[in-house]
Each structure stands twice: as structure tokens, then as C-alpha cells.
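Each remark here refers to the structure printed beneath this line.
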Amino acid sequence: MPPVSLRQSAPPTPVAPPAAPPAPVRITESATVDQTFSQAAQSLGIDEGTIATLTDAFAGKVDMRRDIRKGDTLSVIYDRKSANEPAPDAPLAVRLTTGSSSHDVFLYRDPEGEARYYAKDGNSTTPGFSRYPLVFTRVSSDFSLRRLDPVTHRWQSHDGVDLAAPIGTPVYASAQGKVTFVGRQTGYGKVIMLDNPAPYSTVYAHLSRFAKGIRNGGTVKRGQVIGYVGETGWATGPHLHYEVRIDDVAMNPLTVDLPSDDRLHGKERRRFAKDAENLSAELSG
Ligand SMILES: [Zn+2]
């Protein structure tokens with residue numbers, strides 16, 4: 001007689017219901033800045049596209065070139081599908097602590113699935129303005145308020161910043177705008193003036209040449225090349241003299257508050273703010 005297998009003789013086991021998808025695992029991770037924000041972000045598994053998005057998201061508050069120091073910290077919150085799952089590209093919340101101040105941004109997926117980051121209240125933190133209109137090597141002359149020169153006894157000021165860069169370096173429009181002047185002026189040399197979204201306007205001086213298609217009354221987009229670095233006018237070396245004006249009053253381009261792009265509205269904004277409040281509490285541990 002053949003042996004009877006235990007399995008065959010065992011009572012039928014009930015069919016297990018399909019396993020529920022595992023609950024997401026919420027993970028908070030931190031990195032200490034050794035050199036740059038990008039390196040710290042990379043060490044947390046954040047991809048390059050998201051790093052660029054985050055750099056813009058913090059740009060209204062933190063200048064990644066000037067404000068980041070060794071020892072600053074970056075904290076992120078992720079929802080992973082399971083503990084073994086790699087972190088998704090875009091963290092739900094990011095806290096950047098520079099010196100004694102902390103800045104938080106929170107993820108919002110727009111209807112196209114693009115990752116965008118907002119402040120806790122649902123306002124965009126991404127300025128509709130770039131802080132710098134070119135890639136430069138150093139600030140060769142800072143902004144200074146009008147003062148009485150002790151030697152000449154004349155009122156003098158520097159209404160912008162000088163950003164040193166090689167001749168021919170492309171200069172971008174820092175924000176969308178209308179060209180109010182393109183041409184030569186005493187002192188400025190070859191200069192472009194833009195009327196940006198009110199109350200802002202910008203000036204780009206000492207250019208070697210203008211980009212094709214830049215004309216009085218024309219419009220430019222943010223990031224569009226409008227000209228090239230030179231040393232025309234009263235310039236002692238190749239640099240861009242850059243001005244930012246608010247209601248026609250010169251502000252320091254390196255520190256001026258830059259305007260936000262947009263904000264969430266209505267029900268979406270309320271839901272976002274509630275989630276962000278919780279995430280913020282988690283970041284604070
Ligand atoms: Zn200057």
C-alpha cells in the first residue's frame with residue numbers, strides 16, 4: 001500500500017485572502033554638509049533633477065553659493081513602499097539648517113506629476129527670479145548705499161553688484177520682462193534694462209554685445225540669454241554690473257527678497273497645509 005502523504009490527508013487549508021499592500025514606511029534621514037548642498041543631497045539619494053528643484057525652492061531664503069557652510073544639515077522625509085524599497089526621488093519634506101536658521105519645504109505633485117515644493121502654508125518658495133543672471137567667478141564689487149565720499153566730498157553709491165566673469169559669458173534675464181532700453185549709455189557702456197513683474201526692474205551693464213533679437217519693447221523669458229559679459233563703459237575689467245530695483249529704488253541684488261512664483265488654492269491648499277504641519281512636526285522629532 002503506497003504511503004499516504006500527510007499533505008493529502010490534511011484538511012484543506014482555507015485560502016488566505018490576498019495580502020494587503022504593505023503600509024508605507026515613513027523614514028527620516030539626515031546628512032551633514034561637508035562641502036556643498038548638492039553633495040549632501042546626493043548622499044541622501046536625491047537625484048539631480050530634484051536637487052535643482054530644491055535649490056530653486058530654497059533660493060528665496062538660502063543662497064547655495066554663499067550661505068552653505070560645512071556642518072549645515074539637511075533632513076528629509078520619505079514614504080517608502082517597504083523598508084527594503086529604495087527611497088523615491090523626491091522627498092516629502094526637506095529641512096535645510098544653515099547656522100542657526102532652518103528652512104522647510106514640502107512636496108506637492110502637480111496634476112502632471114511634477115514635483116514642486118512649497119512652504120508650509122502652501123505658498124511657493126521658488127522665486128520667479130533667479131538670484132544671479134550669469135555664472136560668475138566672484139563678486140568684484142558689492143552694493144553700497146549712497147554716502148558722502150570723504151575725499152571728493154561728493155555723494156557716491158554703487159547701485160548694483162559687479163559680478164566678475166570672462167568676456168563673452170552669457171548673461172540671462174533674471175525674470176521675464178519687457179526690454180525698456182538696449183543700447184549704449186555713458187558709464188554703463190552697452191546696457192540692457194528690463195521691466196520685470198512689478199515692482200521689479202533689472203539692469204545689465206558693461207556688456208560686450210547683445211543677444212540676437214533683443215530690442216526695445218521686446219519681451220524676454222526668465223533664463224533667456226540677453227547679452228554677453230564685456231567691459232564697455234566705465235569698467236576696469238570684464239564683469240557684469242547688475243542692478244535690481246523695486247519701484248525704481250536700487251536694492252542689493254545679493255540680499256533682496258525675490259518674489260514667489262505661485263501658491264496653492266482652496267481645498268488643495270488646506271489639505272497640503274495640514275499634511276505639511278504634520279511633516280514639519282516629524283522633522284522636528
Ligand atoms: Zn558696478
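Bear in mind that the values in this text are calculations on the coordinates, not laboratory data. As the structure is a computational prediction, the values presented were derived from the model and not from experiment. Every residue, glycine as well, gets a Cβ built from its backbone with ideal geometry; the counts of neighbours run over all protein chains shown.
Using only Cα atoms, tell me the angle between helix 266-283 and the longest principal axis of the chain; keep it within 0 to 90° and round to the nearest 10. It is inclined by approximately 80 degrees. Between Ala198 and Leu145, the contour length at 0.36 nm per residue exceeds the alpha carbon distance by 16.8 nm. Taking Cα centroids, how far is the range 168-184 from the range 216-252 in Å? Distance between centres, Cα-based: 6 Å. Scaled against the 2.2 N^0.38 Å expected of a compact globular protein of N residues, the Cα radius of gyration of the chain reads 1.41.
Once you mark the trypsin sites (Lys or Arg not before Pro) that are in a DSSP loop and have at most 16 other Cβ atoms within 10 Å, what is the longest gap between them in the chain?
No qualifying site falls inside 82-153, the longest such stretch.
Could you tell me the calculated FRET efficiency between Ala23 and Asp262, based on Cβ-Cβ distance and R0 = 35 angstrom, to the nearest 0.05? Result of the calculation: an efficiency of 0.60. For the chain, the longest principal axis of the alpha carbon atoms and the long axis of helix 48-58 meet at an angle near 60°. Sites listed here are chymotrypsin sites (Phe, Trp or Tyr not before Pro) in the range 160-242 whose DSSP assignment is loop and whose Cβ has at most 16 other Cβ atoms within 10 Å: Trp234. Bridgeable lysines around Lys81 (alpha carbons under 30 Å apart, same-chain partners fewer than 8 residues away excluded): Lys120, Lys267, Lys274. Across the chain, the relative contact order, built from alpha-carbon pairs under 8 Å that are at least six residues apart, equals 16 percent. Note on Lys221: aspartates and glutamates with a C-alpha under 18 Å away, same-chain residues under 8 apart excluded, are Asp56, Asp195, Glu243, Asp261, Asp262. For Lys70, a cut-off of 16 angstrom between C-alpha atoms picks up these aspartates and glutamates, skipping any fewer than 8 places away in its own chain: Asp34. Simple spin-label model, 7 Å along Cα-to-Cβ: Ser30 to Arg109 in nm? It works out to 2.9 nm between the two label points. Cα-based radius of gyration for the range 109-220, normalised by 2.2 N^0.38 Å, reads 1.34.
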